[in-house]
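The values are calculated or read from the model by the stated rules, or taken from the named source; none is laboratory data. Note that this is a predicted model, so its numbers are computed, not measured. Cβ: placed from backbone, ideal geometry, glycine included. Neighbour counts: every protein chain shown. Note: areas computed on protein heavy atoms with side chains; ligands, DNA, RNA excluded. Shrake-Rupley method; radii C 1.70, N 1.55, O 1.52, S 1.80 Å.
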Amino acid sequence: MSLPVLLAAVTPSPSPSSSTTSPATATLQDAQESATNAASWVEQNWSTWLSIGLRVLLIVVIAVALRMAVRRAITKLIEHMNSTAQAVDGTALGGLLVNNERRRQRSQAIGSVLRSVASFVIMGTASLMVLGTFEINLAPLLASAGVAGVAIGFGARNLVTDFLSGVFMILEDQYGVGDSIDAGVASGEVIEVGLRVTKLRGDNGEIWYVRNGEVKRIGNLSQGWATAGVDVMVHPSEDLDHVRSVLNEVGETMSKEEPWSERLWGPIEVLGLDNVLLDSMVVRVSAKTMPGKALGVERELRWRIKRAFDAAEIRIVGGLPVQPDGDTPPADPTAGMAAPSAYASSTSPQSQAASPLVPPSVTK
């Protein structure tokens, strides 16, 4: 026999089970390998996930707790302001200086603004910290937010101006409910103070809606004190000492009677001669009053001065010039006649210049 035949007879033939692998066995092996890889990947990264989760949870818990604490502190502060106002409201000082509705609206507005700002700052900071924990690049987000904020600011600049002006007006307590103010564009009594619009009731009952951003100046007629001033015009022949004594007596009597004793915050003073004319003298009388009560004090003071001067036979003048004592002089009969005209005489140069020219004779 030849050598190739012997080798073929000696070498064993492979079995079918050793040469090929069944599909079920291959699928099981792949699944085991995938599970092993997943378990290995989870084992390698579980500590990182746990760290990130704990950070996020800690940030959220701290942000929520801080927000609740700040809002509660702001609420307590507002309640303390309201309780202080209510404690003073029953006294005489409270009736002069404190307005419950004004303090309530002002405190509510301040509390709303402070709570909104605190929530925005705390939750916004927490959101950025959470995104930073996930290693997200915040530069594009912040840049986009900045561009959007600038665009919104330009588009709604009037609204932003009104809001910021309202916030500063409330924080600075420039005016409040019940105050009489002159806002330039309108004047009247404040009935509501908002962050964007202030409502005023005019003298005729109309309601003005004034945007806070349009107010360039504020004249508050209800803060501090007011001045009641009366000008008394008397005849120049009157005795000034007698006039002063009568005015002082009127002031003392009025200061002791109700309700003027509460509305007057100082004595009624005779300041002296304010002006001296040929037919009259002006005596100035002034008094410091409660805010908003000057007009009523002036009216009552004029009433009392007129009655006192009538009783003391002191003449009050004003308007038309006063005629001297004695009989009225007769009227001049020529006062209503016109001045003579130069054209009345035919021989005057004016009449001759105005005479028509005689046409030349026509020769036949």
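Only one residue in S40, S83, S34, S51 is of a type in the set (S, T, Y), farther than 22 Å from L171 by Cα and modelled with pLDDT under 75, so which one is that? Steps first, please.
Numbers: S83 fails: farther than 22 Å from L171 by Cα; S34 fails: modelled with pLDDT under 75; S51 fails: modelled with pLDDT under 75.
After ruling out the rest, the residue left standing is S40.
If I filter the range 308-324 for residues that are open to solvent by less than 80 Å² (accessible area, probe 1.4 Å), small (G, A, S), modelled with pLDDT of 85 or more and under 30 Å from D231 (Cβ atoms), do I get at least one hit?
Among the residues of the range 308-324, at least one is open to solvent by less than 80 Å² (accessible area, probe 1.4 Å), small (G, A, S), modelled with pLDDT of 85 or more and under 30 Å from D231 (Cβ atoms), which makes the answer yes.
Picking from I152, I170, I181, which residue would you name as being touching a strand residue (DSSP E or B) at 6+ places or on another chain (Cβ under 7 Å), part of a helix (DSSP H, G or I) and not charged (D, E, K, R)?
Numbers: I152 fails: touching a strand residue (DSSP E or B) at 6+ places or on another chain (Cβ under 7 Å); I181 fails: part of a helix (DSSP H, G or I).
Checking each option against the conditions leaves just I170.
Among residues belonging to the range 261-298 that are within 29 Å of the chain's Cα centre (by Cα) and among the charged types (D, E, K, R), point out the one that is modelled with the highest pLDDT.
The residue in question is K288.
Quick one: in the range 142-176, which of the residues that are of a type in the set (D, E, K, R) and in contact (Cβ under 8 Å) with a residue 12 or more places away in the chain is surrounded by the most Cβ atoms within 10 Å (Cβ to Cβ)?
D162
Considering I170, I191, I136, which residue is within 30 Å of N45 (Cβ to Cβ) and β-branched (V, I, T)?
Numbers: I170 fails: within 30 Å of N45 (Cβ to Cβ); I191 fails: within 30 Å of N45 (Cβ to Cβ).
The match here is I136.
I need the full set of residues from the range 31-53 which are closer than 30 Å to S119 by Cα and open to solvent by less than 100 Å² (accessible area, probe 1.4 Å), in order please. Break it down into steps so the answer makes sense when it comes.
The initial filter retains those residues of the range 31-53 that are closer than 30 Å to S119 by Cα, namely 49-53.
Correct list: L50, S51, I52, G53.
Among the candidates G219, G229, G188, which residue alone is buried (at least 16 other Cβ atoms within 10 Å of the Cβ) and under 30 Å from G296 (Cα atoms)? Please lay out each step first, then the result.
On the way: G219 fails: buried (at least 16 other Cβ atoms within 10 Å of the Cβ); G229 fails: buried (at least 16 other Cβ atoms within 10 Å of the Cβ).
On inspection, the qualifying residue turns out to be G188.
Any chance you could count how many residues in the range 270-301 are part of a strand (DSSP E or B), hydrophobic (A, V, I, L, M, F, W, C) and in contact (Cβ under 8 Å) with a residue 24 or more places away in the chain? It would help to see each step written out before you state the result.
From the range 270-301, those part of a strand (DSSP E or B) are 270-276, 281-289; that's our starting set.
Those still in the list that are hydrophobic (A, V, I, L, M, F, W, C) too: 270-271, 273, 276, 281-283, 285, 287.
Keeping just the survivors that are in contact (Cβ under 8 Å) with a residue 24 or more places away in the chain gives 270, 273, 276, 281-283, 285, 287.
Total satisfying the criteria: 8.
If a residue has to be among the charged types (D, E, K, R), assigned to a loop (DSSP other than H, G, I, E, B) and under 23 Å from L295 (Cβ atoms) to count, how many in the range 228-269 make the cut? Spell out how you get there, then give the answer.
Step one: filter the range 228-269 for residues among the charged types (D, E, K, R), giving 231, 238-239, 241, 244, 249, 252, 256-258, 262-263, 269.
If we keep only those that are assigned to a loop (DSSP other than H, G, I, E, B) as well, we get 238-239, 257-258.
Pick out the ones that are also under 23 Å from L295 (Cβ atoms) and you get 257-258.
Result for the range 228-269: 2.
Counting only residues that are free of Cβ contacts under 8 Å to residues at least 12 places away in the same chain, surrounded by fewer than 10 Cβ atoms within 10 Å (Cβ to Cβ) and either part of a helix (DSSP H, G or I) or at negative phi (or both), how many does the range 110-141 have?
3
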